[in-house]
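Enquirer: Starting off with a structure, shown below.
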Amino acid sequence: MSDLKERTSTTSTETKAASAVDLKLEVIVIPVSDVERAKQFYAKLGWRLDADFAGPDDYRVIQFTPPGSNASVIFGKNVTPAAPGSAQGLYLIVSDIEAARNELLSRGVAISEAFHAAGNVHVGSDEPYLFGRVRLSGPDPERGSYRSYASFSDPDGNGWLLQEVTARLPGRVDANATAFNSSADLASALRRAAAAHGEYEKRNGGQHDENWPDWYAEYIVREQAGRQQAA
């Protein structure tokens, strides 16, 4: 664990030193065998269709963007030489794993139960695991950020993972730029702030805090930036 912390710290320092030019990841290519089938599937997810262009030499490209995402996926004909279904470990970050999973279920998408990782345990190839960790049923018991998942695949077998993230690790978000991708994300942040503020009021003798809006705002900004919360 100490080695991981050291490498994480070093990487963060190196990233800050090399951030003179913005490099925004905006498109991921996924290989499919049946373009129309894939188009119907990603439309069923509720993703926004941005483009469907055809060109010479039997070329076609389709672009979809997940709700609230700054990155899109493209697929089509003669877009990539990769084998259909070979894209794996595609992460979709959500603020509430159960709500996101239920949304997909309501759209008729086959998705796993929510699960969390048990730790670094080597298991047989027939056992489901994530980064070498055994999957345990249900969300993380403490609902820790980055710790709860659910998985699904498109018709070709390209694999997607929902990951619940409620608070970013330090250095991963600009502390001066708090943003939300949807009203649902903002509502989740407000609920977490309300729960924390309730505990704060208890510690202060149960007195109503007239400045609760300021407290909420500071809590949410700190949470997004991965900074330690004030007592």
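The values are calculated or read from the model by the stated rules, or taken from the named source; none is laboratory data. Being a predicted model, the structure only gives us computed values, none of them experimental. Because the Cβ atoms are built from the backbone with ideal geometry, glycine has one as well, and the counts that use them run over all protein chains shown.
Enquirer: Quick one: in region 130-154, which of the residues that are in a loop (DSSP other than H, G, I, E, B) and more than 15 Å from the chain's Cα centre (by Cα) is modelled with the lowest pLDDT?
Expert: Looking at the filtered set, the residue picked out is Gly132.
Yes/no per residue for (1) modelled with pLDDT under 70; (2) within 14 Å of the chain's Cα centre (by Cα):
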| site | (1), (2) |
| --- | --- |
| Ala118 | no, no |
| Ser125 | yes, no |
| Pro128 | yes, no |
| Trp160 | no, yes |
| Thr166 | no, yes |
| Arg191 | no, no |
| Ala196 | no, no |
| Asp209 | no, no |
| Trp212 | no, no |
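Enquirer: Here is a follow-up. Can you tell me which residues in region 49-64 are surrounded by fewer than 17 Cβ atoms within 10 Å (Cβ to Cβ) and assigned to a strand (DSSP E or B)?
Expert: Across region 49-64, the qualifying residues are Leu49, Asp50, Ala51, Asp52, Phe53, Ala54, Gly55, Tyr59, Arg60.
Enquirer: Could you pull out the residue among Val94, Val109 that is surrounded by 17 or more Cβ atoms within 10 Å (Cβ to Cβ), aliphatic (A, V, I, L, M), assigned by TED's automatic domain parsing to the domain that holds Gly157 and at pLDDT below 95?
Expert: Val94
Enquirer: Right, something else. Please enumerate the residues belonging to region 65-91 that are touching a residue at least 60 places away in the same chain (Cβ under 8 Å) and crowded, with 17+ Cβ neighbours inside 10 Å.
Expert: Answer for region 65-91, where residues must be touching a residue at least 60 places away in the same chain (Cβ under 8 Å) and crowded, with 17+ Cβ neighbours inside 10 Å: Pro84, Gly85, Ala87.
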